[in-house]
Amino acid sequence: MQNQATKLKDIVASDTKKDTPHTKFIAITSGKGGVGKSTISVNTAVLFADIGYKVALFDADIGLANLDVLLNVRCTKNILNVLKGECSLDEIIMPIKENLILIPGDSGDEILKYSDQFIYERFFEEASNLNDLDYVIIDTGAGIGEHTQLFLNAADEVIVVTIPDPAAITDAYATIKITSKFKSHLHMVLNMVRNAKEAQMIFNKINKVAKENINNGFNLNLIGSVQNDKNIAKSIRNRTIFVDEYPNSLTCRDLKNIVKKLIFKLEHKVLDDTKEKSFSGFIKRLIEQF
Ligand SMILES: Nc1ncnc2c1ncn2[C@@H]1O[C@H](COP(=O)(O)OP(=O)(O)OP(=O)(O)O)[C@@H](O)[C@H]1O
Ligand SMILES: [Mg+2]
């Protein structure tokens, strides 16, 4: 078996190693479960990787349909085992395809319990292998749980996914309201819509309520929509990645538009310089909130 550490280095190490980490963290969340967070996480991550960005998917959801299932890999250990000192970071990382790795995570409930200084130091040292990552996409659990909020708080950009269903919209709004306490802006993706027009109409309604009820200059932005497409479920059943299987579909175009807009936003934004832009910096931010 090929050594995991070598594989990891092959995947994330670039020829021109940049001196300072520049990783951007995008958290994908929702109010209600089952609205497409994992689908959007996986497919946008693959699109970022296909363009040539170095990407990690961080699975912060411990729900049933985990990212390892969607990506057809088997993870037996996760970041908790690393933080407990039971294995190394390299051992848990799963190479998915060129430029893309999966980091099996934890919902946050447990991560913060393990604060052994020695293990953290080793972890942060090991995590320097990940300094070349351009993007980390975090698939969070649904709902407004305290620990999900920690991930949202530590991320650079947060995307709230919803579907046109009224209950999902109400729950999405609850997430937006709570998250607006510590984020100046949030993005939304309207999933399983008929078309972009329907997405815009729903977004306008949510945005109107947000504008009336959340002041402090908070800004909600529709970053895109994804149409309802039965082939998405088909890809999941076949354990294939939708954007790889249907690269010319309208739904793939929807997903590409989201990626384009994210790149535009993130590459043109002067990021908060006080933040450490590395995977270890992200975990530090998580822990420091506790
Ligand atoms: N645009 C879409 N069109 C049709 N079906 C979709 C679409 N997006 C997601 N689905 C389907 O919806 C279901 C839920 O998707 P997914 O698992 O990505 O949601 P989730 O928000 O991650 O769920 P959970 O909260 O359980 O983690 C899946 O069966 C998936 O195939
Ligand atoms: Mg999910």
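All of the numbers you see were taken from the coordinates with simple rules; none came from a lab. A quick note: this is a predicted structure, and the numbers were derived from the prediction, not measured. With ideal geometry, Cβ positions are generated from the backbone for all residues, glycine too; neighbour counts draw on all protein chains shown.
Quick check: the distance between the Cα centres of the stretch 194-242 and the stretch 130-166, to the nearest angstrom? If you average the Cα positions of each part, the centres end up 15 Å apart.
For helix 250-267, report the angle its Cα long axis makes with the longest principal axis of the Cα atoms of the chain; keep it between 0 and 90° and round to the nearest 10°. So the helix axis and the longest Cα principal axis differ by about 70 degrees. Put in order of Cβ neighbour count within 10 Å, fewest first, the listed residues Arg74, Arg122, Arg239 become Arg74, Arg239, Arg122.
In what sequence do Phe218, Phe25 fall when counting other Cβ within 10 Å, fewest first?
Phe218, Phe25
The value of relative contact order for the chain, using C-alpha pairs under 8 Å at least six residues apart, is 25 percent.
With R₀ fixed at 22 Å, the C-beta to C-beta distance from Asn238 to Val73 puts the FRET efficiency at about 0.90.
Subtracting the Cα-Cα distance of Ile214 and Arg253 from their residue separation scaled by 0.36 nm leaves 10.8 nm.
In plain terms, the chain from Lys261 to Glu98 could stretch by 56.4 nm, reckoned as 0.36 nm per residue minus the Cα-Cα distance. Among Ser184, Ser38, sorting on how many other beta-carbon atoms sit within 10 Å of each Cβ, with the fewest leading, yields Ser184, Ser38. Dimensions of the stretch 20-288 from C-alpha coordinates, computed as largest minus smallest value along each principal axis and given longest first, are 52, 44, 34 Å. What you get for the chain, charging only the Cβ of Lys and Arg (+1) and of Asp and Glu (-1), is a dipole of about 1080 debye around the Cα centre.
Among Lys32/Lys77; Lys24/Lys284; Lys181/Lys284; Lys32/Lys183, which pairs are too far apart, with a Cα-Cα distance over 25 Å? As for pairs spanning more than 25 Å Cα to Cα, those are Lys32/Lys77.
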